[in-house]
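Engineer: Submitted below is the structure of interest, expressed as structure tokens.
The values are calculated or read from the model by the stated rules, or taken from the named source; none is laboratory data. No experiment lies behind these values; they were computed from the predicted model shown. Don't worry about glycine lacking a Cβ; one is built from the backbone with ideal geometry, like all the others, and counts go over all protein chains shown.
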């Protein structure tokens, strides 16, 4: 009985620590453009194995990310884009694969390549990284079309310089990796191209992290962790008391 109580309390304390890590990650990204808060929950999981039919562990389960849209703030920067709900921007990840993000704070590097603020190449509708020639004016349409007035040319020469690769997918159809980027669930097909108005240019989507709610969760998890540790101490004390009684008989 004592070992069962110890095991439940130990796994409970471990789950609370992992929950605290998720809350800390959310709070650390409260100012990250387009960030969606991670959602976790604890569940009771029976321990399988011979002689363990009464043992139950506490485990953390990821519920994905919060699909609510963040607040939109106007920046006036033509390279900033705020994605519409269930719309994603395709980027090239560190391994050269395709991943998706809602972080629309784009920039141009010294070679004219369009990248995210983290330096990841932004992909075009043709699947290749977007490269933009020198320009004196730039505009990104709601469908992701990039139009420019080439440097030294009159306004009448505005031409299309590329198109962002935008896809349509529900947040529940994607999963976030350790790099913070979203990808299709295992075995799922890549999301289809987005149609119609998919973004607002000159604006950014703020993080959807609820700071007050996360702080409340942090306090609750801390108290639950303390309770689990107290249970460990009580179980240890009971075990010691039982051993003392047995040794006297």
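Engineer: Only residues that are within 17 Å of residue 112 (Cα to Cα) and touching a residue at least 40 places away in the same chain (Cβ under 8 Å): list them for the stretch 138-161, please.
Structural biologist: Of everything in the stretch 138-161, those that are within 17 Å of residue 112 (Cα to Cα) and touching a residue at least 40 places away in the same chain (Cβ under 8 Å) turn out to be 138, 139, 140.
Each row is one residue, and each column tells you yes or no for (1) surrounded by 14 or more Cβ atoms within 10 Å (Cβ to Cβ); (2) at pLDDT 95 or above.
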{"site": "202", "(1), (2)": "yes, yes"}
{"site": "226", "(1), (2)": "no, no"}
{"site": "230", "(1), (2)": "no, no"}
{"site": "239", "(1), (2)": "yes, no"}
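Engineer: Looking only at residues in the stretch 181-194 that are buried (at least 16 other Cβ atoms within 10 Å of the Cβ) and within 19 Å of the chain's Cα centre (by Cα), which one is nearest to residue 143 (Cα to Cα)?
Structural biologist: Filtering first and then ranking leaves 191.
Engineer: Please count how many residues of the stretch 185-216 are free of Cβ contacts under 8 Å to residues at least 60 places away in the same chain and more than 23 Å from residue 106 (Cα to Cα). Steps first, please.
Structural biologist: Of all residues in the stretch 185-216, those free of Cβ contacts under 8 Å to residues at least 60 places away in the same chain come to 185-189, 192, 195-196, 212-213, 216.
Filter once more, keeping what is more than 23 Å from residue 106 (Cα to Cα): 185-189, 212-213, 216.
Adding up the residues that qualify gives 8.
Engineer: Would you confirm whether or not the stretch 51-58 contains a residue that is more than 30 Å from residue 41 (Cα to Cα) and in contact with a strand residue (DSSP E or B) (Cβ under 9 Å, 6 or more places away or on another chain)?
Structural biologist: no
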